[in-house]
Amino acid sequence: MFLCMNDMAGLATQVRSNERGMSLIEVIIAALIMTTGVLAVVRLLSLVAATNLTARSTTVATIVGVQKLEQLRASEWTVESVSDEPLAQNIAGFVDHVDASGAVVGQGVERPAAAVYTRRWSVERIASGSDEAFVLVVRVLVRGGMGDQTGADGLIRQAQFASVAARHSE
């Protein structure tokens, strides 16, 4: 079987007529599908990042709360150091302020600018007139930064821890 040049030119023309490129509409639809997928992934990544920051903040709040509870359990209380006040406000001697890394940055009633967590605590007698058994309560308030959804006072969330401590008579 011999093919002459004229036959090959006709075969090449036939192949080219069957090969059509993508139309503009197909390209636009493919770009829209691709863009939708990329935007969904970006949204998912931002949600994951925000959830990760919230989890870290909650973990640090738990750590600083438990640390303060352990400090209170290890300390000696006098009748003068017992608070009968609620944990609703900062009371001198029963509050401290902690930064994002867990370091204490202030112990006054006013919250320093660097404070992310405010720890309030109370030491309450279990029975009236008893100096032997106490309920220790620590409340950790988490303050928000930029981008956090906060209340009017800047509070995002809070955690509370409680323990019972008894003194042993000697």
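Laboratory data are not the source of any read-out in this text; all were calculated from the coordinates shown. None of these values were measured; they are calculated from a predicted model. Note: ideal-geometry Cβ built from the backbone for every residue, glycine included; neighbour counts use all protein chains shown.
First measure r as the distance between the Cβ atoms of ALA49 and ALA103, then evaluate 1/(1 + (r/R0)^6) with R0 = 30 Å and state the FRET efficiency to the nearest 0.05.
0.80
Set the Förster distance to 35 Å, then compute FRET efficiency between GLU76 and ALA114 from the Cβ-Cβ distance, nearest 0.05.
Between GLU76 and ALA114 the formula returns 0.70.
Calculate one ³J(HN,Hα) per residue across the range 104-115 by plugging θ = phi - 60° into the Karplus curve 6.51 cos²θ - 1.76 cosθ + 1.60, and present them in order as whole Hz with x for glycine and proline.
Along the range 104-115, the couplings run 5, 10, x, 10, x, 5, 7, 7, x, 4, 7, 6 Hz.
So, R0 is 30 Å and r is the distance between the beta-carbons of VAL164 and ARG56; what FRET efficiency does that work out to, to 0.05?
Working: r = 30 Å, r/R0 = 1.01.
It comes to 0.50.
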